[in-house]
Structure formats: C-alpha cells, structure tokens
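> Below is a structure I'd like to ask you about.
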Amino acid sequence: EADRMPEPCFEYLRFLHDDLPDGLCAVLIAGQRGEKALRAQQMLLTRTTTWLTLQPLTRGQVPRAAAVLHPLWQTVAPDQLLSLDGHFAHGSLRRWALLTHHVQRTLTATGAACPDPGLLRRVVARIDTSRRP
C-alpha cells in the first residue's frame, strides 16, 4: 500500500527521479483514503503526470471480468459470481484477486477440482473481516 510507505521512501523515490536523466516511472497504488495521503506528498504531487482512478466493476461486468481474471471462475455459475460480488468483492478487482487466492489455497488443501457453493461460502466467511465485530 503506497499510502503506508514511510517518509524516507518518498525521499528515496524523489532522489531516484531527480538523479535519472529521464526521471523514474513508478506506479503507486492506493485506495480512496490512501490517495489523499499520496497527494499530500509534495514530492509525488510535483512529479506525477497522471492520476488514474479505477471504478468498481458494475454488476453486469462481474461474470465476464471474473472469468477473465482467472480460469477458476469459468467453472462457477454467473449467479454464484454475482452473489460472491454482492457479499464480498463489491466490484473490487483487489478483493476478487484476494478471493481467488484463498479459493485456490482451499482447493489445493481439500483436493477438490473446482469450487462448489459451500466451499465458496466457507472461504468468504473465513476471509471477510468486514462483518466481524
């Protein structure tokens, strides 16, 4: 998380950028709160040429995007993908990547070939910290 980088890292990036003939190309990623922190860094603000904002996937984009993200999702029914998105991912590719990682680990641990609805519910229940007190 770029917005959690300590101050000396920003200074190091500034020196790298200023020392190289063509500058330095760095891609820093941050969530909405983190973007504010990054923009507050004068070193980044004065050397940034583009700020890109990624919008969450729409409900209609989820089945296709999930299937393209990883072959694992090609075996899951579109309505199940929509359910996973509604309960956990909320259109966020980062959360889809996290879910993919955990489902793959669970499939390896259980020896299952593809995820069934029960396995998906268990994985989401285990990794979804937003619903815990």
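> Viscosity 1.567 mPa s, temperature 4 °C: Stokes-Einstein D of the stretch 79-133 from its Kirkwood Cα radius, in µm² per second?
Diffusion coefficient, whole number: 113 µm²/s.
> Please give the FRET efficiency for Leu24 paired with Arg94, using the beta carbon to beta carbon distance and R0 = 25 Å, rounded to the nearest 0.05.
Values: r = 25 Å, r/R0 = 0.98.
Calculated value: 0.50.
> Which FRET efficiency value, to the nearest 0.05, do you get for Ile127 and Gln104 by plugging their Cβ-Cβ distance into 1/(1 + (r/R0)^6) with R0 = 22 Å?
My answer for the efficiency is 0.95.
> Could you give the nm distance between label points at His70 and Met43, where each point is 7 Å from its Cα heading toward the beta carbon?
Each label point is offset 7 Å from its Cα along the Cβ direction, giving 3.4 nm.
> If you fit an axis through the alpha-carbon atoms of helix 117-127 and take the longest principal axis of the Cα set of the chain, what angle between them do you get, 0 to 90°, nearest 10?
Helix 117-127 sits roughly 40 degrees off the main axis of the chain.
> Also, I was wondering about something else. Round to the nearest 10 and give me the degree value, 0 to 90, for the angle of helix 93-110's Cα axis relative to the longest principal axis of the chain.
50
> Report the Cα centroid-to-centroid distance between the stretch 43-110 and the stretch 1-40 in angstrom, as an integer.
25
> Starting from 0.36 nm per residue, how many nanometres of slack lie between Thr58 and Ala113 once their C-alpha separation is accounted for?
16.9 nm
> Determine the equivalent ellipsoid of the chain by diagonalising the alpha-carbon gyration tensor, then write out the semi-axes as square roots of 5 times the eigenvalues, largest first, rounded to whole Å. Present the calculation step by step, with values, prior to reporting the outcome.
Working: eigenvalues 271, 47, 44 Å².
The answer is 37, 15, 15 Å, longest axis first.
> While we're on this one: GNM, the chain, Cα, under 10 Å: largest mean-square fluctuation among Ala97, Ala77, Ala30?
Ala30
Computed from the coordinates by the stated procedures, all read-outs in this text should not be read as laboratory data. If you're wondering where the values come from, they're calculated on a predicted model, not measured in any experiment. Neighbour counts run over all protein chains shown; Cβ positions are idealised from the backbone, glycine included.
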